[in-house]
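Colleague: Sharing a structure below in C-alpha cells format, with a few things to ask.
The values are calculated or read from the model by the stated rules, or taken from the named source; none is laboratory data. Not measured: the values here are computed from a predicted model. Quick reminder, even Gly has a Cβ in these numbers, built from the backbone with ideal geometry, and neighbours come from all protein chains shown.
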Amino acid sequence: MSDIVIVGLNHNTAPVEIRECLAFSGVETDAALERLQKYPVIEEALLVSTCNRVEVLLTTATPSAAIDAVKSFLSEFKQVAPEKFDASLYIHVGDAAVRHLFRVAASLDSMMVGEPQILGQIKAAYQGAVRKKTSGVVLNRLMHRTFFVAKRVRSETGIGDHAVSISYAAVELGRKIFGTLEGKKVLLIGAGEMAELAVEHLIRNRVGDLFVANRTFERGVALAQQFRGRPIRFEEIPDHLQQVDIIISSTGSPGFIIGPGHIKGIMRGRRNRPLFFVDIAVPRDIDPDINRLPNVYVYDIDDLKGVIEENIEDRNREALKAQRIIDEAVIRFRQWLESLSVVPTIVALQKKLDAIAATELNKTWHALSHLSEHDREVIGRMTQSMIHKILHDPMLWLKREGSDNDRAALLDITRKLFKLDEP
Amino acid sequence: MDMLMALTTVCYLLSTVGYIVYLFYQKDHLQKSGLYLLLAGFCLHTAAIAAAFFQSGQIPVRNLYETLSIAGWATAGVFLVFQFKFQLKILGIYAAPLVSLIMVMAARLPREPAQANTLFNSFWLITHIVVIFTGEAAFALACGVGILYLFQERALKTKNYGFFFRRLPDLELLDTTGYASIFVGFTLLTIGLVTGFVYAKSSWGRFWSWDPKEVWSGISWLLYAALLHGRLALGWRGRKAAVMAIIGFGILLFTFLGVNFLLEGHHGEFTR
C-alpha cells in the first residue's frame, strides 16, 4: 500500500537564506523530477518551489526510505550540506501530508493567508509532473482533489476577501473610493518601509503616474528611480495636490504637512474628484480635519489597523470553515486511497500462495517421480482450486462494503498475517 | 387578469425576500434568484398590462390602481436594465422592495376605471405616459443609489468598516450610476413633458394650463436640470449630487401623489 509523503520547508520553518539555497527554477524542476524518478523507493513525485516554500510530494511503499532519498536528493542537487537544512524540514506522511497539501493550496499556510497566487503555482508544479510523467494514479487523483478543495475554500469562505496588511488595507480602502485604482495618480511623501510597500501594492494595481517628494531631494530622486516615478521638491507638494488622487505620507515631520487650507482651494479645480490620503506617519502628517471636507478621505495608521483587525477576525472565522472543508476532503481522499489498496493486497496474497504452491509442488514432483504428466496436471489443478477456495472468503471479506477505518485495519492485519510487506 | 397581477406581486415579494437574505448572507445565488424572480415578475406584469391594453384598447392608467401598477412596472423595467448595464447587485435591495410596496399599495385600491373616454387613445398621450413613468422610475433608482452612496460615504468617513462598508459597492460606481440614472431620467422627463404639451395642445388647445401637476413637474424638471448643470459645469458630485437626487425624487413623489390628493387639476381625475 503506497503512502503519500511530503518533505518540505516554508517561510515559517526556514529563513530566506536557506529557502533561496533550495529554490528550484523552472528548468531545474524538470531536471529534479527526472532525478527523483530514478530513486527506486519513489513511485510518483511532484515538486513545488515558490519564494516561500519548497516541497517534494511523493508516493512510496516505504516512507522512511523515501524521506532519506529526498534529503539526499536535495543535498546533492542543490549542493547544500544536509545539516544546513535538515532542521528546517517538515515531513508529513499519509493523511497529514494530504491535509498539508490542501492547506497550502487553499492558501491557509501562506505568509499572507488567503493570497491567491499559490494555487496557480501548485497547478504549474503539477503540469510539470504530468509533462515529466512523474505523477501516476495516486498523485493525479490527489492533485485534482487539491484543486477542487482550494476552489471550494475560496468560493465558500471569505478567506481571500479581506486585507490583512497595512498596504493591502490601503488598497482595499482605495478600491472602495475609486472602484478601480487603474490610472490613478499617486504622490509619495517621505519614505519608509510601510509607505514603500503600499506604493508597490498600488503599482501592482496599475496606478498611473507616481510622484515622489522628499525633504532631501537626492533621496527623492533615488526613490523615484526605484519606482519609476518622478521626483518633486518638497515645496512643490501643494501644486501637485491638484492633479494626484492618492497621497501616501510617511515623513518624520513633527507637525502637519498638509492642512485643510491646502485642500479647500483645489477641489473645484479637481471638479471634486475624490482625494484619498494614507497617513502612515507618527506623528501624523495630514491634518485629520481634512477628512471633513467633501470628497476627501483621510486615513491614519490606526484607521488602517482598524480595517486589518476587522479582517483578521473575519479571516479566523473563515479559516475555521475552511478547516472543515479540508477535513472532509482528507477523509474522502483516504477512503479512495484505501479502496484502491484492497486490490494490491489481494494480488499480493494470491502471488504469495501461488509461490508457496509452486515450491511445494516442485518438492512433490521430486518425491513422486513416477507420476504421469496427466497426474501432475490433476494435482496442479487441485492446488489451484484449493488456493481459490481458501482465498474466496478472505477476498469477499476485504472487498465488502464497510467503513473505511475498518478496511484499513483489515488490510493491515492481512498484510501482517501473511507477511506481505516483506519479500 | 387579477390572477396575473397577483402572481406578479408574489414574484416581486419573493424577489424582495431574496434580496434581503442576500444582504445578510452575501451568497451570489441569493442575488441571482432575487434578480430572476424580479425578471419573472416583470414579464408577468408586462403580460397583464398588455392584456388590459387589448381588452379596453386604452393604455391602462384610468385610476390610481392602474397608474401605480404602471409606475411599478416601469421601475422594475428600469432597474433590470440598470442591473444588466452596471452590475450593481446590491441595488436590488432598494428596487425590489420599492416595486413590491407600489404593487401592494396598488392592490388595496379600487379597480373600477374612471369614466372611459377617447382621451386615452392618442399616440402622444401613450408616449407621454410611458416615457414619463420610465423617467420617473429612473429618478427613483437615482434616489436609491443616492441613499446607498450616503451610507457608504458615511462608513468611509467615520471609518466604520462594518455591515455597509463590506456590502455596498465603491463610491465611484454609485456616483456614476446615480449620474446615469439622472441623465436618463432627465432625458425621458423632457421628452415626456414635450409630448404632454403636444397632447395638451391637441386636446385642450393650449400647451400649458397651470395645472398643479404641470407646475410641479416643471419644478422637478428645473431641479434636475440644475443638478445636471452643476455636475457638468461645476463638477458637483458625491454627497451633494446624492442629496439632490434624493430631494428631487421627493419632489417627484409629491408631483405624482401629493398633487392628486391635495390639489386639483386635469391630471386628477384618472389618478384618484
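Colleague: From (1) exposed (fewer than 15 other Cβ atoms within 10 Å of the Cβ); (2) touching an Asp or Glu at 6+ places or on another chain (Cβ under 7 Å), pick out the condition that doesn't hold for A:Glu218.
Modeller: (2)
Okay, residues lined up against (1) charged (D, E, K, R); (2) farther than 30 Å from A:Arg152 by Cβ; (3) in contact with an Asp or Glu (Cβ under 8 Å, 6 or more places away or on another chain); (4) free of Cβ contacts under 8 Å to residues at least 24 places away in the same chain:
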| position | (1), (2), (3), (4) |
| --- | --- |
| A:Asn272 | no, yes, no, yes |
| A:Arg284 | yes, yes, yes, no |
| A:Pro294 | no, yes, no, no |
| A:Asp300 | yes, yes, yes, yes |
| A:Leu304 | no, yes, no, no |
| A:Asp314 | yes, no, yes, no |
| A:Lys321 | yes, no, yes, no |
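Colleague: For A:His144, only one of the following conditions fails: (1) under 30 Å from A:Val278 (Cβ atoms); (2) under 15 Å from the mean Cα position of the chain (by Cα). What is its number?
Modeller: Only one criterion is unmet by A:His144, namely (1).
Colleague: Continuing with the same structure: Is one or more of the residues making up the stretch B:112-129 within 15 Å of the chain's Cα centre (by Cα), modelled with pLDDT under 90, assigned to a helix (DSSP H, G or I) and crowded, with 24+ Cβ neighbours inside 10 Å?
Modeller: The answer is no; no qualifying residue exists.
Colleague: Among the residues that make up the stretch B:25-43, is at least one of them among the aliphatic types (A, V, I, L, M), farther than 30 Å from B:Pro169 by Cβ and without any contact (Cβ under 8 Å) to a residue 40 or more places away in the chain?
Modeller: Within the stretch B:25-43, not a single residue is among the aliphatic types (A, V, I, L, M), farther than 30 Å from B:Pro169 by Cβ and without any contact (Cβ under 8 Å) to a residue 40 or more places away in the chain.
Colleague: Filter the stretch A:246-277 for residues that are within 14 Å of chain B (Cβ to nearest Cβ) and aromatic (Phe, Trp, Tyr); which is nearest to B:Arg231 (Cα to Cα)?
Modeller: For the stretch A:246-277, the residue satisfying everything is A:Phe276.
Colleague: Could you please tell me which pairs satisfy a Cβ distance under 6 Å, a separation of 6+ or placement on different chains, a first residue in the stretch A:166-188 that is without any contact (Cβ under 8 Å) to a residue 40 or more places away in the chain, and a second residue that is of a type in the set (Lys, Arg)?
Modeller: Cβ pairs passing all conditions: A:Glu182/A:Arg206.
Colleague: Inside the stretch A:29-59, can you point out the residues that are more than 16 Å from A:Lys133 (Cα to Cα) and either touching a Gly at 6+ places or on another chain (Cβ under 7 Å) or not in a loop (DSSP other than H, G, I, E, B) (or both)?
Modeller: A:Ser49, A:Arg53, A:Val54, A:Glu55
Colleague: Now a separate question. Which of the helices (runs of 4 or more DSSP H) found entirely inside the stretch B:1-94 contain at least 3 residues meeting this: of a type in the set (S, T, N, Q) and surrounded by 22 or more Cβ atoms within 10 Å (Cβ to Cβ)?
Modeller: Numbers: elements: B:2-25, B:28-56, B:64-86.
Correct list: B:2-25, B:64-86.
Colleague: Let me ask you something else. Within the stretch A:215-230, how many residues turn out to be within 16 Å of A:Ser250 (Cα to Cα) and over 39 Å from the mean Cα position of the chain (by Cα)?
Modeller: So the answer is 3.
Colleague: Here's another thing I want to ask about it. From the list A:Ile159, A:Ile166, pick out the single residue that is in contact with a Gly (Cβ under 6 Å, 6 or more places away or on another chain) and at negative phi.
Modeller: Answer to the check: A:Ile159.
This table checks each residue for (1) more than 33 Å from the chain's Cα centre (by Cα); (2) buried (at least 17 other Cβ atoms within 10 Å of the Cβ).
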{"residue": "A:Glu182", "(1), (2)": "no, no"}
{"residue": "A:Lys185", "(1), (2)": "yes, no"}
{"residue": "A:Glu193", "(1), (2)": "no, no"}
{"residue": "A:Glu200", "(1), (2)": "no, no"}
{"residue": "A:Val207", "(1), (2)": "no, yes"}
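Colleague: Sort out for me the helices (runs of 4 or more DSSP H) sitting completely within the stretch B:156-272 that have 3 or more residues that are at pLDDT 90 or above and either more than 14 Å from chain A (Cβ to nearest Cβ) or touching a Pro at 6+ places or on another chain (Cβ under 8 Å) (or both).
Modeller: B:171-204, B:212-229, B:239-253
Colleague: Collect the residues in the stretch A:305-329 that are touching a Phe, Trp or Tyr at 6+ places or on another chain (Cβ under 7 Å) and within 11 Å of chain B (Cβ to nearest Cβ), keeping them in residue-number order.
Modeller: Those that are touching a Phe, Trp or Tyr at 6+ places or on another chain (Cβ under 7 Å) and within 11 Å of chain B (Cβ to nearest Cβ): A:Gly306, A:Val307, A:Glu310.
Colleague: Tell me yes or no: at least one residue of the stretch A:318-340 is within 30 Å of B:Gln152 (Cα to Cα), of a type in the set (Asp, Glu) and part of a helix (DSSP H, G or I).
Modeller: Checked the stretch A:318-340: at least one residue is within 30 Å of B:Gln152 (Cα to Cα), of a type in the set (Asp, Glu) and part of a helix (DSSP H, G or I).
Colleague: To continue, here is another question. Of everything in the stretch A:246-270 that's touching a helix residue (DSSP H, G or I) at 6+ places or on another chain (Cβ under 8 Å) and assigned to a loop (DSSP other than H, G, I, E, B), which residue is surrounded by the most Cβ atoms within 10 Å (Cβ to Cβ)?
Modeller: Selected residue: A:Ile257.
Colleague: Within 14 Å of chain B (Cβ to nearest Cβ), of a type in the set (Asp, Glu) and surrounded by fewer than 21 Cβ atoms within 10 Å (Cβ to Cβ): which single residue out of A:Asp302, A:Asp287, A:Asp354 fits that description?
Modeller: The unique qualifying residue is A:Asp302.
Colleague: What are the residues in the stretch B:211-254 that are crowded, with 22+ Cβ neighbours inside 10 Å and farther than 26 Å from B:Glu172 by Cβ, if any?
Modeller: Selection gives B:Ser217, B:Ser220.
Colleague: Tell me, which residue of the stretch A:1-25 that is in a helix (DSSP H, G or I) and touching a residue at least 60 places away in the same chain (Cβ under 8 Å) is surrounded by the most Cβ atoms within 10 Å (Cβ to Cβ)?
Modeller: This residue is A:Leu22.
Colleague: Could you check A:Gly158 against (1) out of contact with any Phe, Trp or Tyr (no Cβ under 9 Å at 6 or more places or on another chain); (2) of a type outside the set (A, V, I, L, M); (3) within 25 Å of A:Val296 (Cβ to Cβ); (4) within 13 Å of chain B (Cβ to nearest Cβ) and say which number it fails?
Modeller: So A:Gly158 meets the others, but not (3).
Colleague: Determine, yes or no, whether B:Gly146 is over 30 Å from A:Arg175 (Cβ atoms), touching a residue at least 40 places away in the same chain (Cβ under 8 Å), away from chain A (no Cβ under 14 Å) and crowded, with 17+ Cβ neighbours inside 10 Å.
Modeller: No.
Colleague: Take the residues in the stretch A:290-299 that are facing chain B (nearest Cβ under 9 Å) and part of a helix (DSSP H, G or I), then tell me which one is farthest from A:Ala169 (Cα to Cα).
Modeller: So, considering only residues that are facing chain B (nearest Cβ under 9 Å) and part of a helix (DSSP H, G or I), the one farthest from A:Ala169 (Cα to Cα) is A:Arg292.
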